Amino acid sequence: MSSLVKEDLEKKLFKPLSQHLYEFIEIEFPAQDRYYLCVSVTKREEVKIIIVKHYRIGLDEKYEVTKKWSLNDLEMIDGKEADTDNPFFDLHFKKVYRLEAYSCASKYSFARTVNKLNHAYLKKDLQIVNFDTTYINDDSIWSSNNKDCLVLMRICFYAFNLLCLSLCPLPL
């Protein structure tokens, strides 16, 4: 499903704007329509962070840009709590935007993409706080091309270790 949405977003919204869509995640909004937080790169190699509203008119899918920022203006991504599995995070521009991702895995996926594009295009000191850095940095041993599965695999690994420790008492 998400690959179809990404393809549709790319075709109907980003290509006409001469941008390449790198990542998008669904974010929760009180409104009835769907909203996506997107990261794209322009032909002039500017990284953009965009909130897109997705709605239907009859059978036609429509996309509308509701907010747009430059990655250069992003001061910090705050994951709220690194120790808990929650989808909440803040984007700090001149104003702080409090967002809720569809899942914790998508929140991490967004932060990884922004971090990677920052290193590739801006190389600025972007603060990414209250995230488990093991899941954010590509240089970790857990790195993979499929980052959402990586988060799930790491959680399962920890759960398995906890289960083994609780079932097998340690000798004194």
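What the stretch 3-138 shows is 55 Å² of accessible area per residue, with the surface traced by a 1.4 Å probe over protein heavy atoms. Each principal axis of the Cα cloud of the stretch 29-73 was taken in turn, and the coordinate range along them, longest first, works out to 36, 23, 11 Å. When the chain is described by a simple charge dipole with +1 on each Lys and Arg Cβ and -1 on each Asp and Glu Cβ, the residue from Ile49, Ala159, Leu13 located farthest towards its positive end is Leu13.
For the stretch 3-138, the share of alpha carbon pairs falling in successive 5 Å distance bins from zero is 2, 10, 21, 24, 21, 14, 6, 2, 1, 0 percent. Here the chain is treated with +1 on each Lys and Arg Cβ and -1 on each Asp and Glu Cβ, and its dipole about the Cα centre works out to around 580 debye. In sequence order, the stretch 95-107 has phi-based couplings of 10, 8, 10, 8, 10, 10, 6, 5, 8, 5, 4, 6, 4 Hz under the Karplus curve 6.51 cos²θ - 1.76 cosθ + 1.60, θ = phi - 60°, and Gly or Pro positions carry x. Between Ser70 and Arg154, the simple label model (points 7 Å from Cα in the Cβ direction) yields a spacing of 3.2 nm. Close amide H contacts of Lys67 (hydrogens built in the peptide plane, cut-off under 5 Å, sequence separation of 5 or more or a different chain): Ile51.
The values are calculated or read from the model by the stated rules, or taken from the named source; none is laboratory data. Computed from a prediction, not measured in an experiment: that's the story for all the values here. Backbone-built Cβ (ideal geometry, glycine too); neighbour counts: all protein chains shown. The area values use the complete protein model at the heavy-atom level, side chains included, leaving out ligands, DNA and RNA. Shrake-Rupley method; radii C 1.70, N 1.55, O 1.52, S 1.80 Å.
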